[in-house]
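Working notes for the structure below.
The values are calculated or read from the model by the stated rules, or taken from the named source; none is laboratory data. Note that the structure is predicted; figures quoted are calculated from it, not measured. Counting neighbours? That spans all protein chains shown, and the Cβs are built from the backbone with ideal geometry, glycine included. When the accessible area is computed, the model is the full protein with side chains, heavy atoms only, and any ligands, DNA or RNA have been set aside. Shrake-Rupley method; radii C 1.70, N 1.55, O 1.52, S 1.80 Å.
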Amino acid sequence: MSEREYDVVIVGAGFAGMYLLHRVRKLGMRARVLEAGSDVGGTWYWNRYPGARCDVESMQYSYQFDDDLQQEWSWSERYSPQPEILKYAQHVSERYDLRRDIDFNTRVTSAAYDEDSARWTLTSEDGEKTVGHYFVMATGCLSAPNWPKIDGLDSFGGPTYHTALWPHEKVDFTGQRVGVIGTGSSAIQSIPHIAREAKHLTVFQRTANYAIPAHNAPLDPEREREIKAHYSEMRARAKTTPGGLDVVYNQDSVHDASSKEQFAAFEHNWQRGGLGFMSAFGDLMMEQSANDIAANFVRDKIRATVNDPATAETLCPKNIIGAKRLCVDIDYFQTYNRENVELIDVSEKPIEAITPSGIRAHGIEHQIDALVIATGFDAMTGALTRVDIRGRGTVPLAERWKDGPSSYLGLAMHDFPNLFTVTGPGSPSVFSNMLPTIEQHVDWIADCLGHAQKNGYKTIEADAEAERVWWAHCQDLGKIGLKTVTDSWYVGANVAGKARVFLPYFGGIPAYFKKCEEVVENGYEGFSFG
Ligand code: FAD
Ligand code: NAP
């Protein structure tokens, strides 16, 4: 093997790439990770905006592959902030000595498969080539920043910050007039912080969003002790729930409860806080009338929090609750009671333009000194299609996916032998507590590589028919209930020109994990080894 030739080349050093490197080393394979950033952490390396933190409790949003690791690490808060999650990723990289096999500041621009040698050649921005027998895109499903198409964006004279590309040094908004475009999770987390610092904050809202309070607090040492004493039981319980969260899901219909019982169940979840809000009843995502009851509960909370009735109404979401990813907030709605915060509704008429000194909407130019773009990601497919990936044949992946992607289990694609994706389209990924789901994907991929190694196979490839059936199943699941009724990044609606296709798998963690196990038990059903 030449110096830049490896058994496995992994792109991305977030939680997925880091754990995969650890796993394939254990197989005795020579591996290299190529990472665009200058350190590990992925999401938690890039998204450094004020207020960034996890929305799954830290005791659950953490690795479980090594009990010593999960016992020795202590989180400071119920939902830990970005710097602490990044510190955790760095700790993991040191604990398992990962950095020595990672090339940082290396963005991969293309990857081509050579049929004769059954090898992939990856090319990075600086032209360097890296060859791998296996190639894994651990590039994340929320990692390709989405810039809005607004006239004059480049003409703005002050600093522009995208939440997903936030500077490493502190941005000080003191005394400034700031404009924020977007009201998704990133905006909802950052707006209260920016408002506390800025002289004036103007928020441009296209779609109002539901947010459930985090009720964040320092992690109670007694609770930490209790969880750590029974960690594996909690992890096992989480794997039996649709979202991979240790939350009790009530299966009953909301219509079978009296209004008093409905209120009590929602209030209980509201007071507990966080993403488990929708676990109150079993049919909230199945029919409009059930969903309306949950949505009205949250709207009433917004009206009770926001002093100005007109602003409160603008902040009340009109769409299905849960069809866009729920947000988890700390003082988001309360922020609109501040004198220095203004909300501009651009739902009916889009922002007209960004000018050198402001944002123009409804014919009025709002003067700003700094611009914050919180417009999210080209989710699930963006990080894959932004690389020119060519498998068997010459048609690049982006071209094949122009009318929507397709994948077997979110892990592999026909015509792309020896290529795996972690949390690709068709994986439960974003509908779950992602770290445990990433671990499951990585374990599955590493076991598959181990199987090929043991049996002397040179190639692994998803069968076209298995991929077709899985993808059709994912689309059928997307049609059940209310998930696809609303425009969202789940269906690619947030990116201009992107095909409208239901991107994740919506069958729940237990069904997905079981399917992956069955595939292995049936001799890697749906895969061909050569
Ligand atoms: P990432 O962390 O996205 O890492 C992918 C890496 O690949 C990046 O470092 C990137 O630089 C690199 N990369 C991409 N393309 C290339 C290329 N062409 N060449 C070289 N390198 C490349 N999930 C939860 O379950 N709970 C949460 O609380 C939660 N909070 C989140 C908060 C934010 C702000 C965001 C954006 C996402 C959040 N998520 C959360 C989802 C989160 O993305 C995952 O939980 C997880 O961190 C993803 O890990 P990953 O390794 O798969 O991908
Ligand atoms: P997002 O949810 O896609 O939100 C983007 C926002 O920008 C939306 O409000 C969108 O409006 C708005 N927008 C886009 N283009 C616009 C335009 N041209 N004009 C006006 N508004 C525009 O992105 P995100 O907030 O970065 O979150 C993405 C995902 O990352 C989340 O859903 C979550 O999974 C994860 N995340 C998690 C956390 C956490 O709490 N731990 C924090 C951040 C992110 P429309 O709704 O109308 O499109």
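Numbers for the structure displayed
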item: Label point distance in nm, residue 496-residue 337, each placed 7 Å from Cα along Cα→Cβ; result: 3.9
item: Mean ellipticity per residue at 222 nm, deg cm²/dmol - from DSSP H runs of n ≥ 4 across the chain, formula -39500 (n - 2.57); result: -9500 deg cm²/dmol
item: Whether region 168-220 is rounded, prolate or oblate, judged on the alpha carbon gyration tensor where a/c under 1.5 counts as rounded; result: oblate
item: Calculated FRET efficiency for the pair residue 153/residue 348, C-beta based, R₀ 25 Å, to 0.05; result: 0.75
item: Shape box of region 34-139 [Cα atoms, principal axes, largest first, Å]; result: 51, 32, 22
item: Per residue solvent-accessible surface (Å²) - region 438-530, probe of 1.4 Å; result: 43
item: Approximate spin-label separation residue 399-residue 249, in nm, with each point projected 7 Å along Cα-to-Cβ; result: 4.1
item: Residue 73 accessible area, assembled protein chains, probe 1.4 Å, Å²; result: 40
item: Inter-part distance where region 298-314 and region 429-447 are each reduced to a Cα centre, Å; result: 38
item: Å² of accessible area per residue within region 94-175, as computed with a 1.4 Å probe and no ligands counted; result: 50
item: Backbone N under 20 Å from the residue 226 label point (7 Å along Cα→Cβ), restricted to region 38-69; result: 56-62
item: Global size of region 13-77 as Cα Rg and Dmax, reported in angstrom; result: 13.8, 41
item: Alpha carbon Rg of region 279-345, scaled by the compact-globule rule 2.2 N^0.38 Å; result: 1.21
item: The chain - Rg over Rh from alpha carbon coordinates, Kirkwood radius; result: 0.96
item: Neighbour-limited loop hits for trypsin sites (Lys or Arg not before Pro), region 199-249 (at most 12 other Cβ within 10 Å; DSSP other than H, G, I, E, B); result: 199
item: Mean projection area, nm², convex hull over Cα of region 275-389; result: 10.9
item: Cα gyration tensor shape for region 380-473, rounded if a/c is under 1.5, else prolate or oblate; result: oblate
item: Kirkwood Rh and Cα Rg combined as Rg/Rh, region 422-530; result: 1.01
item: Reachable lysines from residue 318, criterion Cα separation under 16 angstrom, eight or more residues apart if same chain; result: 301, 483
item: Percent carbon-and-sulfur accessible area, region 449-495, ignoring ligands, DNA and RNA, probe 1.4 Å; result: 55
item: Shape call, region 465-511: gyration tensor on alpha carbons, a/c limit 1.5; result: oblate
item: Sites residue 480 and residue 364, calculated FRET efficiency, Cβ-Cβ separation with R0 35 Å, nearest 0.05; result: 0.20
item: Axial C-alpha extent at least 24 Å, average Kyte-Doolittle at least 1.0 - helices from the chain (DSSP); result: none
item: With at most 12 other Cβ atoms within 10 Å, longest stretch of the chain clear of loop GluC sites (Glu not before Pro) (DSSP); result: 349-524
item: Region 352-400-region 43-59 distance, computed between alpha-carbon centres (Å); result: 21
item: Separation between Cα centres of region 201-237 and region 98-134, rounded to whole Å; result: 38
item: Around residue 103: net Lys/Arg minus Asp/Glu count, Cβ-Cβ under 9 Å; result: -2
item: Amide H contacts under 5 Å for residue 180, placed H, 5+ residues apart; result: 202, 203, 204, 372
item: Kirkwood Rh, Cα atoms: Rg over Rh of region 91-229; result: 1.08
item: Modelled FRET efficiency - R0 56 Å, residue 304 with residue 110, Cβ distances, 0.05 increments; result: 0.55
item: Spin-label proximity, residue 473 to region 427-446 - amide N less than 14 Å from point 7 Å beyond Cα toward beta carbon; result: 427-428
item: 15 Å beta-carbon shell around residue 318, net charge (K/R +1, D/E -1); result: -2
item: Full-extension gain in nm, residue 126 to residue 451, via 0.36 nm per residue minus C-alpha separation; result: 113.5 nm
item: Cα pair distances of region 164-321 binned at 5 Å [whole percent]; result: 2, 7, 12, 16, 17, 14, 13, 10, 6, 2, 0
item: Carbon/sulfur fraction of accessible area - region 220-286, other protein chains in place, 1.4 Å, %; result: 56
